[in-house]
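Have a look at the structure below before the remarks.
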Amino acid sequence: MTSHAIAVENLEKHFPPALAGWRGYFQPFVRATQPALAGVSFSVEAGEAVAVVGRNGAGKSTLLRILATLLIPSAGRVELGGFDLSRDSAGARSKLGYYTGGDDGFYGRLSARENLEFFAIMNNQAGAEVSREIRRIAEWIGLGDALDRQVRTFSTGMTHRLGLARALLHQPSVLLLDEPTRSLDPIAASEFRRFLKGELVGAHGTALFFASHTLGEVEEVADRVLVLDSGRVVACDSPSNIGRAAGNASFSEAIARLIGHDPVGGMSKA
């Protein structure tokens, strides 16, 4: 393994098969045989945005949860920020920010500042330096004027920005996002994408790995696209190269051919 921001080799994850009725009750420890990931390998560099796309059940969320140290892989090796996840998951967590695109348990009656201070303390961060960092990040992502407002008064777009602020508090070198613009209106989603690509990845060199069902978003933000089908990598290249490899097809058409699926049936062209 080399010093990539993210390096994944032959990653596998198996889950126990779902047993209905009395079989599930009498066989609670069935051997894990249902594959979610089967030999996935790829890398992400600093200052690069890589998207993962595929049908529902292709393994995208499983992959993200393994990278976020929330799931243990069945086989394979992962390095994140220079740390081997199997040997030093705490070190890897110090280098990553993870955001799933929801409200993620913010306390509505507390202000944005109070929420961020609470989560900083939970991450062993405290003191004047954290207060300065909260102000800096809030200004950076456009929440500076709303820091002392109660979170329950926030729009969905503002809550998304607050979630991202929480993920960035410890200045991670790797950012993992799961459907980052889910539930955002078109204008807020466009602004969020510009921030991710222009500021986080472009200006600050953050390694971004994200999952999305919106192919237009993927084409706009991603330098490369990892295409999963039934837990296997079927392509990993730039959006333009994926289109050219499919006979100069559009990106959405190329993805549909790769996964044998109509994009509007589980993925969006918009």
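The values are calculated or read from the model by the stated rules, or taken from the named source; none is laboratory data. All of these numbers come straight from a predicted model, not from anything done at the bench. Counting neighbours? That spans all protein chains shown, and the Cβs are built from the backbone with ideal geometry, glycine included. Surface areas here come from the heavy atoms of the whole protein model, side chains and all, with no ligands, DNA or RNA. Shrake-Rupley method; radii C 1.70, N 1.55, O 1.52, S 1.80 Å.
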Checklist outcome for this item: Within segment 62-108, residues free of Cβ contacts under 8 Å to residues at least 24 places away in the same chain and of a type in the set (V, I, T) come out as I72
Checklist entry - Quick check: anything in segment 10-32 out of contact with any Cys (no Cβ under 6 Å at 6 or more places or on another chain), within 27 Å of P239 (Cα to Cα), modelled with pLDDT of 90 or more and open to solvent by 30 Å² or more (accessible area, probe 1.4 Å)? => result yes
Next on the checklist: Just the residues that are in a helix (DSSP H, G or I) and open to solvent by 30 Å² or more (accessible area, probe 1.4 Å), please, taken from segment 94-132.
Outcome noted: R113, E114, E117, F118, F119, I121, M122, A128, E129, S131, R132
Checklist entry - So which residues in segment 192-235 are farther than 16 Å from I137 by Cα, more than 16 Å from the chain's Cα centre (by Cα), in contact (Cβ under 8 Å) with a residue 24 or more places away in the chain and not in a helix (DSSP H, G or I)? => result D229, S230, G231, R232, V233, V234
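Yes/no per residue for (1) of a type in the set (A, V, I, L, M); (2) open to solvent by 50 Å² or more (accessible area, probe 1.4 Å); (3) touching a His at 6+ places or on another chain (Cβ under 7 Å):
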{"residue": "G39", "(1), (2), (3)": "no, no, no"}
{"residue": "A46", "(1), (2), (3)": "yes, yes, no"}
{"residue": "R55", "(1), (2), (3)": "no, yes, yes"}
{"residue": "S61", "(1), (2), (3)": "no, no, no"}
{"residue": "R65", "(1), (2), (3)": "no, yes, no"}
{"residue": "T69", "(1), (2), (3)": "no, no, no"}
{"residue": "A75", "(1), (2), (3)": "yes, no, no"}
{"residue": "S89", "(1), (2), (3)": "no, no, no"}
Checklist outcome for this item: By residue number, the members of segment 133-191 that are of a type in the set (G, A, S) and either open to solvent by less than 40 Å² (accessible area, probe 1.4 Å) or part of a helix (DSSP H, G or I) (or both) are A138, G144, A146, G157, G163, A165, A167, A188, A189, S190
Checklist entry - Within segment 49-73, can you find the residues that are in contact with a strand residue (DSSP E or B) (Cβ under 6 Å, 6 or more places away or on another chain) and assigned to a loop (DSSP other than H, G, I, E, B)? => result G54, A58, G59, A68, P73
